[in-house]
């Protein structure tokens with residue numbers, strides 16, 4: 001549990017190294033359009049067999065981190081749906097779980113030193129631009145929708161280079177600490193990616 005509690009702190013320390021970089025980088029008109037689309041198309045397309053396997057495989061791993069069962073299931077549902085969104089750049093489920101783990105320790109109330117909020121540490125100016133409220137960022141679904149849309153955008157921008165995309169997501173371009181931390185954590189969610197790439 002000490003390791004779990006330390007992860008959000010490490011992410012916050014990484015953010016402190018470049019104050020404001022994350023916010024400035026994310027104020028991109030093209031990214032705003034991507035986020036609007038993600039919020040508008042929030043429905044979930046599921047394969048019932050795969051979703052059952054996903055919950056069975058991943059739910060026990062979250063028990064020590066997210067105590068509330070309903071919240072655990074909601075996180076898993078949203079990650080599953082976002083990584084299978086049709087017509088979009090495919091995200092690996094294990095990568096999304098690792099980003100959430102490093103960014104917030106699966107704490108939806110987390111706030112970083114630069115003001116990023118929630119599970120995937122989304123900057124608070126986005127809800128206002130999208131016609132939402134800032135408090136929506138502490139809710140599981142909108143936070144994961146926006147976080148995954150931002151991550152997809154940067155993966156496309158970096159032509160599939162996940163390490164560089166992660167650095168952009170965190171506002172730490174030119175440094176490897178954050179990317180290395182997420183890539184290492186990704187290994188803990190083994191099994192998630194094999195399921196996500198089954199179709």
Check: Any residue in the stretch 106-113 that is touching a strand residue (DSSP E or B) at 6+ places or on another chain (Cβ under 9 Å) and in contact (Cβ under 8 Å) with a residue 60 or more places away in the chain?
Finding: yes
Next item on the list: Scan the stretch 155-173 and give yes if some residue there is modelled with pLDDT under 85, in a helix (DSSP H, G or I), more than 19 Å from residue 106 (Cβ to Cβ) and in contact with a helix residue (DSSP H, G or I) (Cβ under 9 Å, 6 or more places away or on another chain), otherwise no.
Entry: no
Next item on the list: Please work out which one of (1) outside any loop (DSSP other than H, G, I, E, B); (2) farther than 22 Å from residue 167 by Cβ is the condition residue 108 fails and give its number.
Entry: (1)
Check: Which one of these does residue 182 not meet: (1) surrounded by fewer than 18 Cβ atoms within 10 Å (Cβ to Cβ); (2) in contact with a helix residue (DSSP H, G or I) (Cβ under 7 Å, 6 or more places away or on another chain)?
Finding: (1)
Checklist line | Candidates 64, 94, filtered to the one that is surrounded by fewer than 20 Cβ atoms within 10 Å (Cβ to Cβ) and either touching a helix residue (DSSP H, G or I) at 6+ places or on another chain (Cβ under 7 Å) or part of a loop (DSSP other than H, G, I, E, B) (or both) | finding: 64
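The values are calculated or read from the model by the stated rules, or taken from the named source; none is laboratory data. What you see is a predicted model; the values in this text were computed from it and never measured. Cβ: placed from backbone, ideal geometry, glycine included. Neighbour counts: every protein chain shown.
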